[in-house]
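First the structure, in the form of structure tokens, and then the observations on it.
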Amino acid sequence: MTDAAAPAVIAEAARALAAGEVLAFPTETVYGLGADAANPVAVERVFALKQRPSTHPLIVHLASLDHARRWAESVPEVGLALARRFWPGPLTLIVRKAAHVDAIVTGGQHTIGLRVPSHPIAQQLLRAFGAIGSGAIAAPSANRFGRLSATCAAHVRDEFGDGVRLVVDGGASDVGIESTIVDVSSGRAVLLRPGAIDVPQLAAVLGELPSAPDAHSPRASGTLASHYAPTARVMLVEPDLVAEVARFLVDDGKSVAVLARTAGEPLLPSVRWQRAPRDPVPYAHELYATLRALDRSGTEVIVVERLPAEGAWSAIVDRLARAAAERTGSADDLAEDPQPGAPEQ
Ligand code: TXA
Ligand code: MG
């Protein structure tokens, strides 16, 4: 992670936001594609660039809890407790929106996603923008709808090319996967999307486990079955079957890569064996960059060694399951997925 951007870059980025421009900026989770949350026309451009359906709300990024409270009608006690413990950091809270928030930001819902990122450049940008504008950046992950999030500036350029003029470069995002999303709008904590802040950490603050989403929970696009997907097909395979499945696919004429925590299989010279870190923190940090690199290399099938489903692995397991899910077709088909926000593990 690059901790500092030249002050001139931050000042230019803040001015661009104030002028209604869309830009990309680093956060500790993944890069965001941001616009002034108080400017509906600018926010509209984010949806257009991302090709994201208008019913899918954006997260509003703010410099501090005090700033965040101005975008909420109220923040229930559980939300305050989580915010005080985990902000700035990789946690998004869903709360009831303040009256002034434009419906485009929230996808027409009565709730809003709020996050205070810890990345120093994101913080500098939010504060510089706060001095000349709203100080609130509505930003989804900086990727086209349904695709892998971007964890460095080059990924953003790969996704949008000249479509985004300003990409503030903060190096590789530390965490590497998207924030944990907790809906506290009902006064109790419902985990909508697992992330770097895991269930035991949430439970330590809540005094109980967060609830799972039910049919009444809001929908989150990141919880659709097929999301966060590379172009290559992803197969999740038990560790002791990885080599066998890879061999079968090679015999079938496929271009195959393996992502596993174990050393390569010497009998499989035609398979690109990608050694993955043994621990969840570095695994998450590298995951999207690795999947993107395999895509670029023309790999048709990525055989991913199945991971333990518990503890700090659960957010990674969630993303890999979505990458492996059958694609139903276009982004619009995904948007019409009738699933409520239940993250399928
Ligand atoms: O780590 C992250 O959360 C990154 C960085 C840039 O902050 N952002 C991110 O944004 O992943 P996005 O838009 O790709 O995913 C945000 C998720 C979406 O699934 C969206 O539907 C959900 O948050 N969301 C936002 N506002 C919501 C709301 N009011 N109710 C329910 N879900 C909401
Ligand atoms: Mg996203």
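The values are calculated or read from the model by the stated rules, or taken from the named source; none is laboratory data. As the structure is a computational prediction, the values presented were derived from the model and not from experiment. Note: ideal-geometry Cβ built from the backbone for every residue, glycine included; neighbour counts use all protein chains shown. Ligands, DNA and RNA are excluded from the accessible area calculation, which covers all protein heavy atoms including side chains. Shrake-Rupley method; radii C 1.70, N 1.55, O 1.52, S 1.80 Å.
Suppose we keep only residues that are among the hydrophobic types (A, V, I, L, M, F, W, C), more than 16 Å from ligand 2 (Cβ to nearest atom) and in a loop (DSSP other than H, G, I, E, B) within segment 23-48. Which one would you say is most open to solvent (accessible area, probe 1.4 Å)?
Applying the first criterion (among the hydrophobic types (A, V, I, L, M, F, W, C)) to segment 23-48 yields 23-25, 30, 33, 35, 37-38, 41-43, 46-48.
Right, trim to more than 16 Å from ligand 2 (Cβ to nearest atom) and you get 23, 37-38, 41-42.
Next, only the ones that are in a loop (DSSP other than H, G, I, E, B) stay: 37-38.
Details: 37: 3, 38: 61 Å².
Residue satisfying both the conditions and the ranking: 38.
Which pairs do you get when a residue that is of a type outside the set (Asp, Glu), found in segment 205-217, comes within reach of a residue that is assigned to a loop (DSSP other than H, G, I, E, B), reach meaning Cβ atoms under 6 angstrom, with the pair 6+ apart or on two chains?
The qualifying pairs are 206/189; 210/189; 213/341; 213/342; 215/340; 217/340; 217/341.
Does segment 186-195 hold any residues that are open to solvent by 20 Å² or more (accessible area, probe 1.4 Å) and near ligand 1 (Cβ under 8 Å from one of its atoms), and which are they?
Keep residues of segment 186-195 that are open to solvent by 20 Å² or more (accessible area, probe 1.4 Å), which gives 186-188, 191, 193.
Across segment 186-195, the qualifying residue is only 193.
Going by what's in this entry, would residue 132 be described as within 15 Å of ligand 1 (Cβ to nearest atom), touching a residue at least 12 places away in the same chain (Cβ under 8 Å) and assigned by TED's automatic domain parsing to the domain that holds residue 14? Full working, then the answer.
Details: within 15 Å of ligand 1 (Cβ to nearest atom): no; touching a residue at least 12 places away in the same chain (Cβ under 8 Å): yes; assigned by TED's automatic domain parsing to the domain that holds residue 14: yes.
Against the criterion (within 15 Å of ligand 1 (Cβ to nearest atom), touching a residue at least 12 places away in the same chain (Cβ under 8 Å) and assigned by TED's automatic domain parsing to the domain that holds residue 14), residue 132 does not qualify.
Of all residues in segment 135-159 being hydroxyl-bearing (Ser, Thr, Tyr) and assigned to a loop (DSSP other than H, G, I, E, B), which is farthest from residue 39 (Cα to Cα)?
Step one: filter segment 135-159 for residues hydroxyl-bearing (Ser, Thr, Tyr), giving 141, 149, 151.
Remaining after also requiring assigned to a loop (DSSP other than H, G, I, E, B): 149, 151.
On the way: 149: 24, 151: 26 Å.
The qualifying residue farthest from residue 39 (Cα to Cα) is 151.
It is to be established whether one or more residues within segment 88-102 are within 10 Å of ligand 1 (Cβ to nearest atom), within 19 Å of residue 16 (Cβ to Cβ) and assigned by TED's automatic domain parsing to the domain that holds residue 56.
no
Every residue in segment 86-117 that is part of a helix (DSSP H, G or I) and within 16 Å of residue 183 (Cα to Cα), please. Outline the logic, then answer.
Of the residues in segment 86-117, the ones part of a helix (DSSP H, G or I) are 86, 103-106.
The answer is 86, 106.
Scan 137, 104, 121 and give me the residue that is at pLDDT 95 or above and within 16 Å of ligand 2 (Cβ to nearest atom).
Details: 104 fails: within 16 Å of ligand 2 (Cβ to nearest atom); 121 fails: within 16 Å of ligand 2 (Cβ to nearest atom).
It is 137.
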